[in-house]
1. Return one number: the angle in degrees, 0 to 90 and rounded to the nearest 10, between the long axis of the Cα atoms of helix 340-354 and the longest principal axis of the Cα atoms of the chain.
2. Quote the charge dipole size of the chain about the Cα centre in Debye, to the nearest 20; the model charges only the Cβ of Lys and Arg (+1) and of Asp and Glu (-1).
3. Classify region 140-215 as rounded, prolate or oblate, taking a ≥ b ≥ c as the square roots of the eigenvalues of its Cα gyration tensor: rounded when a/c is under 1.5, otherwise prolate if a/b is larger than b/c and oblate if not.
4. Taking square-rooted eigenvalues a ≥ b ≥ c of the alpha carbon gyration tensor, is region 4-114 rounded, prolate or oblate, where a/c under 1.5 means rounded and, failing that, a/b exceeding b/c means prolate?
5. How many Lys pairs in the chain lie less than 20 angstrom apart by Cα atoms, where the lysines are 8 or more positions apart or on different chains?
6. Loop-only check: which GluC sites (Glu not before Pro) in region 223-267 are DSSP coil with at most 10 other Cβ within 10 angstrom?
7. So how tilted is helix 242-251 from the main axis of the chain? Cα-based, degrees 0 to 90, rounded to 10.
8. In nm, to one decimal, how far is the THR363 label point from the GLN51 one, both placed 7 Å along Cα→Cβ?
Amino acid sequence: MSTAADRLDHWIRTRFADLNTELEQRYFAAHTEILLGDPEIDRVKHTIVTQGAALIAELDPVTSYDLLGLVGFYLGACRRHEVGSPAELTPAYAVANRIGLALGVAPRYVFAHQSLYNLAGREGYRTFTTLPDERIFIEYNGLAVLAYQRAATALRRIPTLGVGNPLAGYLLEDARTALLDVLRFNQSLAKELDVDRFFLNIRPYFKSYRVNGIEYRGANAGDFAAVNEIDLLLGLCRQEDPFYQRVLSEKAPYLPPEDQPPLRAAMTTEPLLTAFLRESAEPMPPQLRANAELFLEVCRAHAAAYAFHHHRLVKPFLEVPAQHAPPSRQEDLTASGPPLSVVIESLARLADLRAARDRPGLTTARAALDQLRDRCA
Ligand code: HEM
């Protein structure tokens, strides 16, 4: 016998996706992010609100991360179409808040719900729409997340081996190829994703939304611990840096629950760059030198993948189309809530830290990396 959660899941995978797709096709035909005040379109929007509310009202008080995602899909779509009064959405808010509090996470759906916690059997995985562009976006983002996780898994095993260990060489090579995969998936995404479809029909589902009157910022593929574990373990970002501390504490509630312990562990582990510099103070034995050279390549691969994110994804898919958005939509452009220029500035700083690119007002790991490179020469 199916449960109320199964029925909600089935609806999300079928009727909900069809209704969203119908709306997206109407918006796209009008080349706009949203159409307001059209009675026919408003009827479709309202069908989403009422059908979802009826299914959510039947839910048993189960605490599961997956269920938070299901209810979040519904709330994300209501936000995207700008429908649903607080009274209509209160039962959904109550479920989301209860699960969020029980699991210690933000009470909204995050990218983990769309990628790694999204069961696919015969029916495939859950999406907001049936548009191929959404699948392109989700799949390449998800693949890049998996590749970041592979790199983080390899790097976090090195501290107990030591940087001169031949086994550490194997793990560094694994991290390097995983980060090259991140770059490759990002490149495929940039090639295959249509800018207008992304901007008008996909991005709006990732916006901030309110739960019980509190605003929770939008979803993005960065809401996993892996990328930060890589930053910290390599030694490119420092947990004592107030800017980076803000990045970590802002992100914490948006991580899936099992990502919290490895991130905490990375904060208390000696960075590999520090360990390499300590061990390489005397003339370097061949294994240590080989590992140090590989380590420098891992750093370069991390920098390249993230520079691509900044210059070939964020700018062309968000910053450029945003310049043509009507003034009334300007303040609603990012996933996080702050103005787009502030978000881009913060991403640029992360890109410079990961690339170890010093600039006025920003001292990075550049000098330490150059010192290690000189010792390898
Ligand atoms: C069209 C594609 C993409 C666009 C437009 C995009 C845009 C953005 C934006 C605007 C943010 C900041 C979120 C906010 O605060 O509003 C962000 C964060 C982030 N994105 Fe993407 N992104 C894209 C694809 C990807 C992919 C494929 C990955 C790989 C996993 C990725 C990884 C990240 C990470 C790690 C962050 C968190 C900030 C950081 O630690 O650097 N993004 N992205």
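Any read-out appearing in this document is the output of simple, stated calculations on the displayed coordinates, not a laboratory observation. It should be emphasised that the depicted structure is a prediction, and the values quoted were computed from it without experimental measurement. Ideal geometry is used to build each Cβ from the backbone, glycine not excepted, and the neighbour counts take in all protein chains shown.
1. Taking the Cα atoms of the chain, the angle to 340-354 is about 30 degrees.
2. 440 debye
3. oblate
4. Since a/c reaches 1.5 and a/b is larger than b/c, the shape of region 4-114 is classed as prolate.
5. Here the count comes out as 4.
6. When the GluC sites (Glu not before Pro) of region 223-267 are filtered for loop state and at most 10 Cβ neighbours within 10 Å, GLU240 remain.
7. Result, in degrees: 40.
8. Once both label points are built, they end up 5.9 nm from each other.
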